[in-house]
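Report on the structure given below.
The values are calculated or read from the model by the stated rules, or taken from the named source; none is laboratory data. Being a predicted model, the structure only gives us computed values, none of them experimental. We place every Cβ from the backbone using ideal geometry, glycine too, and count neighbours over all the protein chains shown. The accessibility values were calculated without ligands, DNA or RNA, using every heavy atom of the protein model including side chains. Shrake-Rupley method; radii C 1.70, N 1.55, O 1.52, S 1.80 Å.
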Amino acid sequence: MKQKTRLAEHVIKMILFLCALVTVLTTAGIIWVLFSESISFFQTVSLKEFLTDTEWTPLFTQKHFGILPLVSGTLLTTFIAILVALPVGLTIAIYLNEYASKRFRKVIKPVLEILAAVPTVVYGFFALVVMTPFLQKIIPDLPGFNALSPGIIMGIMIIPFVSSLSEDALFAVPQSLRDASYGMGATRLQTVFRVLLPAASSGIVSAVILAVSRAIGETMIVAIAAGQQPNLTFNPLESVETITTYIVQVSLGDVPHGSIEYQTIFAAGAMLFVLTLILNNISFQFNRRYRQKYE
Amino acid sequence: MTQIHSDTSQKEAQSKVKLSARNIFVDYGAEHVLKDVSIDIPEKTVTALIGPSGCGKSTFLRLFNRMNDHLEGFQRKGEILIDGEDIYHDQKHLEELRETVGMVFQKPNPFPKSIYENVAYGLRIRGVKDKKRLDQVVEESLIKAALFDEVKDHLKKNALSLSGGQQQRLCLARSLAVDPSILLMDEPASALDPISTAKIEELVEELKKKHTILIVTHNLQQARRVSDQTAFLYFGELVEYGNTEQVFTQPKEEQTAHYIGGRFG
C-alpha cells in the first residue's frame, strides 16, 4: 500500500515536471528556429544594412533590407494604442477602486474584460469599416489605410490590460494610507493623485508594459486596417506596415523555402522578439527596484 | 477644603470645554456600537478612552474627525460639538474639520515618500508652494515630534526606511504640521517597543500644553500615566468618566473596578 502511494506520488511528480518542460522546450524551440534562420539571413545581409537602411523591399527586384520602416510602423501604432489605453484604463481603474460602489464594480469588471475577448479580426474589420470612415469625416484627407485608426482600435482592445492590472495595484495599496491621507483632510482626488498612484506606480508600469507588449505583438488589426506598406514615418495619417503584418504577408505568399525572402520572416521575427524581451526586462527591473513592500 | 483642592477646582472651572458628545448613538447595520454616550472634554487636557476590545472606543474617537462616515452601514444619532459647533451639521467642511482635528493611527502609516514630503503633505494639499514656509514647518513639526535630531541629515530618505517608533513620530509630525487644536490618537503605541512607547508618552505630556488630546489605549498603565480624564466604555456605553486618579483609585461603578482590577478585558 505504502509503496503504491509512493509510486503514484512519483508518477504525478513526473507528469508535473513534463508539463513544465513543455513550456520551456517550446520557448527554447522558438528561439532556436528564430535565430538559426536569422543567422543564414545575416550571412547575405549585413547587420548594419538591416538596422540602418531606410527601405524594406525584400519582395521587389530592387531589394532593400532595412527593418526601420517596420519598426517605425510597429512603434507608431503601439504608441497611438497606449495614448488611448493609458488614460482611459487608468481612469477606469481609479473610478472602480475609489469611487464606484461594490455592486457596480462587480458588474462592470467582467463586462470590461469582454473587450479583451473579442477576436482581433473583428477589431480589425471594425477599424477598417467603422473607425476609418468616422475619422475621415474629421480628417477628410485621411487615406483608407492609415496608422491612426488601427492604433485607436488596438488601444481600445488593450484597455482591460491596463485597467485590470492597475486596479489590482491600486487595490493592493493598504487602507491605512488612505486613512492617513483622508485624516489629513485630503480630498479623494488628492488622495488618488498624491498617495495612491505613486504607491501603486510599479504595478501600473507593469500593466502598461504588458499592454505595450500586447500591442507590439498584435497582428490582425494592423494587417487589416494599416495598409501593409513599409513606410519609415511617424505620421499617424499615413499607411504603415508593422513587423507582425509583414510576417503574415510573406507567410501567406508563395516565397520559396530557404530563399532570402523566406529568411526575412525570421529576421523580422527575431527583431520582434528582441523588442518584447527588452520591454519585459524593463518591467522586471522596474518592479524589483520600485516595488513597495507593505506588511 | 485645602488650598490645593480649591486650586484644582478653580483650574477646572476655568478650562473651557473643547469637545462634547451629546447623546451619541452609532449603528453599523444592525449592530449597535455606541449607545447614548455624552461627554464633555476640557481644552488642553489628555483624555484616555479605555475598555475591552469591541467596546466602541475607536468608533467613538473617529466620530470627532468623521472618519467613520464612509464606512458601510454607518449611522449616527446625536451631536458632536467642537467649540460648541456641531461638526456633523454642515457636510461641506470635512477638509477644514480635519485641519483642526489631527489623527495618529494604531499602526504607523507614513506615505511611501520622503520624510520631508510626509510632513509637508498637509500643507501641500492645501496648496502651499512656498519653499521657505514648507522647510520651516517641516523642521518645526519634526522638532515638536522629537524626531528632528534623528532625521535632520536625511530628510530626503524614504520614510519607510525609519524604525517603527520613528515612523510613528513622523506620523505625529505630519499631523502637527497643519497645527490642529485637537489630536486623536488610536492606540498610538500598541505596535511599538517599550522605549518608543515611552517617547510617545512623553510627547503626549508635552503636546497637551497646546492641544486637546484624546487617546484610545488598551494599556491601563499608559492611560493612568498620560491622561487627566479617563472614560471607560463597555459594550457601547459610557460606564464611567472622570478624573483619571479617581477612576483608577476610587471607581464609582463596579464594572470599572472589575476592568481596572483585571478581572476581565
Residue list for region A:168-202, filter: in contact (Cβ under 8 Å) with a residue 60 or more places away in the chain, more than 7 Å from chain B (Cβ to nearest Cβ) and either within 15 Å of residue B:118 (Cα to Cα) or touching a Lys or Arg at 6+ places or on another chain (Cβ under 8 Å) (or both) | A:191, A:196, A:202
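Yes or no, residue by residue, for (1) at the interface with chain A (Cβ under 9 Å from one of its Cβ atoms); (2) open to solvent by 60 Å² or more (accessible area, probe 1.4 Å); (3) closer than 20 Å to residue B:179 by Cβ:
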{"position": "B:69", "(1), (2), (3)": "no, no, no"}
{"position": "B:87", "(1), (2), (3)": "no, no, yes"}
{"position": "B:95", "(1), (2), (3)": "yes, yes, yes"}
{"position": "B:115", "(1), (2), (3)": "no, no, yes"}
Would you pick out the residues in region B:40-89 that are closer than 25 Å to residue B:244 by Cβ, among the charged types (D, E, K, R) and in a strand (DSSP E or B)?
-> B:40
Can you name the residue in region B:188-203 that is within 14 Å of chain A (Cβ to nearest Cβ) and open to solvent by 20 Å² or more (accessible area, probe 1.4 Å) and is also farthest from residue B:114 (Cα to Cα) among such residues?
-> B:190
Those residues of region A:42-78 which are under 25 Å from the mean Cα position of the chain (by Cα) and among the small types (Gly, Ala, Ser), in sequence order | A:66, A:72, A:73
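Is it true that some residue in region B:158-181 is under 13 Å from the mean Cα position of the chain (by Cα), over 30 Å from residue A:201 (Cα atoms) and either among the aliphatic types (A, V, I, L, M) or open to solvent by less than 60 Å² (accessible area, probe 1.4 Å) (or both)?
Taking every residue of region B:158-181 in turn, at least one turns out to be under 13 Å from the mean Cα position of the chain (by Cα), over 30 Å from residue A:201 (Cα atoms) and either among the aliphatic types (A, V, I, L, M) or open to solvent by less than 60 Å² (accessible area, probe 1.4 Å) (or both).
Matching residues to (1) at pLDDT 95 or above; (2) open to solvent by 80 Å² or more (accessible area, probe 1.4 Å); (3) charged (D, E, K, R):
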residue: B:9; (1), (2), (3): no, no, no
residue: B:15; (1), (2), (3): no, no, no
residue: B:24; (1), (2), (3): no, no, no
residue: B:32; (1), (2), (3): no, yes, no
residue: B:35; (1), (2), (3): no, no, yes
Of all residues in region B:179-211, count the ones that are more than 21 Å from residue A:179 (Cα to Cα) and in contact with a Leu (Cβ under 8 Å, 6 or more places away or on another chain).
-> 3
Within region A:37-63, how many residues are open to solvent by less than 50 Å² (accessible area, probe 1.4 Å) and either free of Cβ contacts under 8 Å to residues at least 24 places away in the same chain or under 30 Å from residue A:161 (Cα atoms) (or both)?
-> 1
Residue A:112 being more than 30 Å from residue A:172 (Cα to Cα) and either hydrophobic (A, V, I, L, M, F, W, C) or part of a helix (DSSP H, G or I) (or both) | no
Report yes if residue B:241 is among the aromatic types (Phe, Trp, Tyr), touching a strand residue (DSSP E or B) at 6+ places or on another chain (Cβ under 9 Å) and surrounded by 21 or more Cβ atoms within 10 Å (Cβ to Cβ), otherwise no.
-> no
Of all residues in region A:235-254, count the ones that are within 20 Å of residue A:148 (Cβ to Cβ), surrounded by fewer than 24 Cβ atoms within 10 Å (Cβ to Cβ) and not aliphatic (A, V, I, L, M).
-> 5
Residues in region B:117-133 that are among the basic types (Lys, Arg) and either at the interface with another protein chain (Cβ under 9 Å from one of its Cβ atoms) or surrounded by 22 or more Cβ atoms within 10 Å (Cβ to Cβ) (or both) total 2
Within region B:182-217, can you find the residues that are more than 12 Å from the chain's Cα centre (by Cα) and of a type in the set (Ser, Thr, Tyr)?
-> B:190, B:196, B:197
For residue A:254, all conditions in the list (1) among the charged types (D, E, K, R); (2) within 30 Å of residue A:132 (Cα to Cα); (3) without any contact (Cβ under 8 Å) to a residue 24 or more places away in the chain hold save one; what is the number of the exception?
-> (2)
Of the numbered conditions (1) open to solvent by 60 Å² or more (accessible area, probe 1.4 Å); (2) closer than 30 Å to residue A:191 by Cα, residue A:130 satisfies every one except a single condition; which is it?
-> (2)
Residue B:64 versus (1) out of contact with any Asp or Glu (no Cβ under 7 Å at 6 or more places or on another chain); (2) away from chain A (no Cβ under 14 Å); (3) surrounded by 19 or more Cβ atoms within 10 Å (Cβ to Cβ); (4) within 28 Å of residue A:191 (Cβ to Cβ): which is the lone unmet condition?
-> (2)
Selection over region A:256-295 where residues are within 19 Å of residue A:66 (Cα to Cα) and at pLDDT below 85 yields a count of 0
Of the residues A:165, A:142, which single one is away from chain B (no Cβ under 14 Å) and under 17 Å from the mean Cα position of the chain (by Cα)?
-> A:165
Matching option when the condition is basic (Lys, Arg) and within 14 Å of another protein chain (Cβ to nearest Cβ), among B:174, B:224 = B:174
Counting only helices (runs of 4 or more DSSP H) wholly inside region A:154-226, the ones holding at least 3 residues that are more than 30 Å from residue A:69 (Cβ to Cβ) and open to solvent by 10 Å² or more (accessible area, probe 1.4 Å) are A:175-183, A:201-217
Can you find a residue in region B:163-171 that is closer than 19 Å to residue A:187 by Cα, modelled with pLDDT of 95 or more and within 11 Å of another protein chain (Cβ to nearest Cβ)?
-> yes
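With region B:179-265 as the region, which strands (runs of 3 or more DSSP E) entirely inside it contain at least 1 residues that are of a type in the set (A, V, I, L, M) and touching a Cys at 6+ places or on another chain (Cβ under 6 Å)? I'd like the intermediate steps shown before the answer.
Details: elements: B:182-186, B:212-216, B:229-234, B:237-243.
Filter on region B:179-265 gives B:229-234.
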Odd one out for residue A:145, checked against (1) of a type in the set (A, V, I, L, M, F, W, C); (2) in contact with a helix residue (DSSP H, G or I) (Cβ under 6 Å, 6 or more places away or on another chain); (3) at pLDDT below 95 = (2)
When you look at residue B:58, is it open to solvent by 20 Å² or more (accessible area, probe 1.4 Å), at pLDDT 90 or above and within 13 Å of the chain's Cα centre (by Cα), yes or no?
-> yes
